[in-house]
Amino acid sequence: MSNYGASQSPALQHSAYNDNARRPLSSHQHARTPVAPSPAGYQQAASFSGQSNPAAQDGQNEATAQQQYGGDSNASYFPTQGSEPSAGLVGQMGGLAVSGDGYAPQKAHKKKHRHAYHDLGQPSAPSQPPPGIAQGYGSSQGQFLNAAQLQPQAPGSPYMGQSAAQPMAHMSTADRLRSGEEMVATQGRVDPEQIPSIPRSRDAAAQYYLAQVYPTMERHLPPPAAIPFIAHDQGNSSPKFARLTLNKLPSTSESLASTALPLGMVLQPLAPLQEGEQPIPVLDFGDAGPPRCRRCRTYINPFMTFRSGGNKLVCNMCNFPNDVAPEYFAPTDPSGVRVDRHQRPELMLGTCEFLVPKEYWAREPVGLRWLFLIDVSQVSMQQKFVESVCEGIRNALYDDESEETVVGQDGTEPPAGRLPAGSKVGIVTYDKEVHFYNLSASLDQAQMMVMTDLDEPFVPLSEGLFVDPQESKPIISSLLSQLPTLFSAAPAPEPALLPTLNAALAALASTGGKVLCALSTLPTWGPGRLIVRDDSNGRDPDDEKKLLTTDHPGFKKTASSMVSAGVGVDFFLAATGGQYMDIATIGHISALTGGEVFLYPNFYAPRDHVKLAHEIKHAATRDTGYQALMKVRCSNGLQVSSYHGNFLQHTFGADLEIGTIDADKAMAVVFSYDGKLDTKLDAHFQAALLYTTASGQRRVRCINIVAGVMEGAMESMRTVDQDAVVSIIAKEASSKLAERSLKDIRAGITEKTIDILAGYRKNFSGSHPPGQLVLPENLKEFSMYMLGLIKSRAFKAGGEPTDRRVHSARLLRSAGATETALYLYPRIFAIHNLSPSDCFPSPDTSQLVLPPTVRASFSRVEEGGAYLVDNGQGVILWLHSQVSPNLLEDLFGPDKTSLQELDPWLSELPVLETHLNAQVRNLMAYLSTVRGSKAATIQMARQGLDGSEFEFARMLVEDRNNEAQSYVDWLVHVHRAIQLELAGQREKSAGDGDGGAEGILSNLTGLKAPYWN
């Protein structure tokens, strides 16, 4: 392994790195293979999906590591997790007892074949990935055929395929059994090595999906949200679009209550697809529109059935028999299946899009209008914020010159732009006045028109404000180059934000569109001026609660008007020097219109320029729709009880109205029972998103989910989706900021954690010693995620700037399951001991080989180590004070041999012809693909030198920090509360936060962990 030890290690100094010499190439040339510099993409050209490093490689590189670095090849700073047999663990006093005891045996439930010819009563064996998944809808393998063709699956983890058996050999019986349990002995000393590990579970699943696809009907439990995987749509939508908390539902509300779990769904309607997944088909049924149920208006989907020889279409939601239109008629075979089923994507795939006729239009659909609002006030100019914004806009609109000459497959040269065809862009600048620009291609240069009426803003241009970015490329490029200096002579000190937003609304009122607004200081000028509400002094909970929301009538009125007009807003806020920006008020517009707030605390251009430019480009180029309406339908016996996300909810018509929706936005839907579910039928859910695409097509995207129905909740506990549960609890908690104090919210999260684990122990686990905390297999890491939620900036105790708190809460409310999982528990890579094959495409699979991730605890940090820490919002490169000078040279250049010589504002690695540099750049390229909306740029954290080191410490969520206890202490105290619940002695805190829950959180806090020794 490329094991860079501490700089003062005698073994290191007297081996290959003696006297700080360069590594000799004669004996170990393979470890420093020169490679061609390639700043874009991976160092080796190959497709990838990024998976964990196979364990077999450790032995191959062991001898090399021992010879090259003069160390013990068996030494490792973190022990192998779960390597000891369970019998030995039981013998450890206070250790973890891992058992393969499963759920109580239950009689298999025979289900009726009415739901599109599938038997969901028992899990079936996974099919091999069919060759050419994306090429056809009617593959004979893994598609909707007779239930008899699906073979029953033996009990066991879905990660235990033949290819995964060897990498999973180190795991315990309970880890391998899907119906297993994990038990933590909480009497005496708890061994941190043996408590459930999020990195271990992520790496195991990632290794399995290295060579396996996820078949959406054959598997009843989706992969973890934080790993990449390829989903094969078999009629049930991919987990990337929708995740149910329970994939088998109890038939009654009483059975659900025994689990204490929420029944809900996390929807990310425009989630990006991974390479290798079939694209979403777009179907056109002409003026008649897609077939729908006449009673409940459910759209055609794979779970509707046909009767009377194909003349009747039976709705899977309300069971109403609809007449089939003559143009849609097709006969059925003797088993009742339409003869053209395999040629009908809407009858085969869980996610489809339909072009809709004019009765679905609110107005004539046009290509998306993008309006960039740029702050040119004094602070923006001084901090070079304008330069970064203009660079981001330029990157969003135009490819590099080298990419413009690429010729398409049909021999034609494609347009050089990044926006979809039909999109148009406009640019507006503002300070104390609002400046519009005529960008018509017929002009020699852009013409500025100033709008000074801030009380009643209007658009002074009749044409030329929105233009085709390709036709006006010289005009736009010239303007973006001039803006950083155009207002530098006498910049206005204060910006007028609300009048500018109202002017943007006037410009987009007739068409709808997307606004990207850059702001560098608190807007204190004109109508809608804001004041500093947060003085950071001691305040009571009621005052803090007011700071986390807004009562500003002007911003609330503008936000509602924008939603009605089909306009969404993304803000890019540069809080120079950590100044107060009142995100609670400004971000309210984004929260209501379906937008997002990109926050740059302590903005400093040399460090944050690349991140800002990348995120503006991402916001403009990701899949985006506007004028959106969302409706969620469910089977009889269920009803929608609440929604959580960025939207405007009406009490009539469509449930949700959204100005704009993009690929990174998600929402939670919580269901309740209004009757008893029939165990002979399945429960069905359909989310229909009616929206206009960026290219100007009016479509409806239908996402269909099916779940089995069982008597009791035993089977439900076997199919819990941990990521969906965590995401829904996080979204529910963030929605309560305006209603409850932070202390109450933290207590509520704690109570929910205890309720769920106590409900499992009381109702579903077998007989276990009272001193053990019994965790359900699919919720092993749930406690850690809940602790991460309590430690997040949104809800943590102690002092926290209200801007950071509100931003974190709104992030949790709108983020998808992947971004939420990473935010609550970051992924950490040790880059000082990478194997030579790590972070390069595997020669066998052509997919990137990833090193194992490290647990988020300082006890796992090795002296002299270097670590990449990614929480989905940014990447911290933490370097120990005794890091090897040779590692620094390999990573940053031959003239960098000490931490003091490194650039503290570095945001991207230089391109060097060293093996380690190529590895880390490849790893960064991978991290940029498996995340949410934030760019994967580096922030340096040198031990003892940089302030960002405290952010690194905050991300070590398993330690005692963030005004809350460590993971081990948290499990111990949660278990004590469970014991009290089982004994009938637990006193719940009834929303006032004064009960035992807050006491658990306050225990052992305030003690500083030894990060900086």
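The values are calculated or read from the model by the stated rules, or taken from the named source; none is laboratory data. All figures in this text were calculated on a predicted structure; none of them were measured in a lab. Note: ideal-geometry Cβ built from the backbone for every residue, glycine included; neighbour counts use all protein chains shown. Surface accessibility is based on the protein's heavy atoms, side chains included, excluding ligands, DNA and RNA. Shrake-Rupley method; radii C 1.70, N 1.55, O 1.52, S 1.80 Å.
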_Quick test for you: out of 530, 547, pick the one residue that is touching a residue at least 40 places away in the same chain (Cβ under 8 Å), of a type in the set (A, V, I, L, M, F, W, C), more than 17 Å from residue 375 (Cβ to Cβ) and out of contact with any strand residue (DSSP E or B) (no Cβ under 9 Å at 6 or more places or on another chain)._
547
*Could you pull out every one of the helices (runs of 4 or more DSSP H) wholly within the stretch 709-804 that has 3 or more residues that are more than 19 Å from residue 255 (Cα to Cα)?*
722-734, 742-763, 782-791
*Just wondering, is there one or more residues in the stretch 621-635 that are open to solvent by less than 40 Å² (accessible area, probe 1.4 Å), of a type in the set (Phe, Trp, Tyr) and touching a Gly at 6+ places or on another chain (Cβ under 6 Å)?*
yes
_Of all residues being open to solvent by 30 Å² or more (accessible area, probe 1.4 Å), assigned to a loop (DSSP other than H, G, I, E, B) and modelled with pLDDT of 90 or more in the stretch 464-493, which is farthest from residue 423 (Cα to Cα)? Just the residue, please._
471
*Look through 305, 298 and report the one residue that is surrounded by 24 or more Cβ atoms within 10 Å (Cβ to Cβ) and either over 24 Å from residue 690 (Cβ atoms) or modelled with pLDDT of 95 or more (or both).*
298
*Somewhere in the stretch 936-944, is a residue in contact with a Pro (Cβ under 6 Å, 6 or more places away or on another chain) and either modelled with pLDDT of 95 or more or not in a loop (DSSP other than H, G, I, E, B) (or both)?*
yes
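Residue by residue, here is whether (1) polar (S, T, N, Q); (2) surrounded by 23 or more Cβ atoms within 10 Å (Cβ to Cβ); (3) on the phi > 0 side of the Ramachandran plot holds:
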{"site": "804", "(1), (2), (3)": "no, no, no"}
{"site": "807", "(1), (2), (3)": "no, yes, no"}
{"site": "812", "(1), (2), (3)": "no, yes, no"}
{"site": "818", "(1), (2), (3)": "yes, yes, no"}
{"site": "821", "(1), (2), (3)": "no, yes, no"}
{"site": "828", "(1), (2), (3)": "no, yes, no"}
{"site": "837", "(1), (2), (3)": "yes, no, no"}
{"site": "842", "(1), (2), (3)": "yes, no, no"}
{"site": "848", "(1), (2), (3)": "no, yes, no"}
*Which numbered condition trips up residue 506, out of (1) open to solvent by 40 Å² or more (accessible area, probe 1.4 Å); (2) in a loop (DSSP other than H, G, I, E, B); (3) under 30 Å from residue 563 (Cβ atoms); (4) not charged (D, E, K, R)?*
(2)
*If you go through the stretch 204-216 one residue at a time, do you hit one that is at pLDDT 65 or above, within 21 Å of residue 274 (Cβ to Cβ) and open to solvent by 50 Å² or more (accessible area, probe 1.4 Å)?*
yes
*Among (1) surrounded by fewer than 17 Cβ atoms within 10 Å (Cβ to Cβ); (2) hydroxyl-bearing (Ser, Thr, Tyr); (3) under 40 Å from the mean Cα position of the chain (by Cα) - the single one residue 335 does not satisfy*: (3)
*Would you confirm whether any residue within the stretch 636-647 is open to solvent by less than 20 Å² (accessible area, probe 1.4 Å) and aliphatic (A, V, I, L, M)?*
yes
*Any residue in the stretch 718-745 that's more than 18 Å from residue 202 (Cβ to Cβ) and in contact (Cβ under 8 Å) with a residue 60 or more places away in the chain: show its pairings with residues that are of a type in the set (Gly, Ala, Ser) and open to solvent by 10 Å² or more (accessible area, probe 1.4 Å) at Cβ separation under 6 Å, as long as the two are six or more apart or on different chains.*
718/179; 744/991
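Looking at 864, 872, 932, which one is open to solvent by less than 10 Å² (accessible area, probe 1.4 Å), in contact with an Asp or Glu (Cβ under 7 Å, 6 or more places away or on another chain) and either at pLDDT 95 or above or in a loop (DSSP other than H, G, I, E, B) (or both)?
872
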*asked:* Being of a type in the set (A, V, I, L, M, F, W, C), closer than 25 Å to residue 590 by Cβ and over 34 Å from the mean Cα position of the chain (by Cα) is the filter here; which residues of the stretch 470-528 pass it?
replied: 483, 492, 525
_Return the residues of the stretch 958-990 that are at pLDDT below 50 and more than 24 Å from residue 761 (Cα to Cα); say none if nothing qualifies._
none
_Test for residue 497: is it touching a Cys at 6+ places or on another chain (Cβ under 9 Å) and surrounded by 14 or more Cβ atoms within 10 Å (Cβ to Cβ)_ = yes
_Among the candidates 658, 589, 583, 616, residue that is closer than 30 Å to residue 346 by Cβ and open to solvent by less than 10 Å² (accessible area, probe 1.4 Å)_ = 658
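Does residue 693 fit the bill of being touching a residue at least 60 places away in the same chain (Cβ under 8 Å) and touching a Pro at 6+ places or on another chain (Cβ under 8 Å)?
yes
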_With in contact (Cβ under 8 Å) with a residue 40 or more places away in the chain, over 19 Å from residue 936 (Cβ atoms) and in a loop (DSSP other than H, G, I, E, B) as the only criterion, which of 908, 913 stands out?_
913
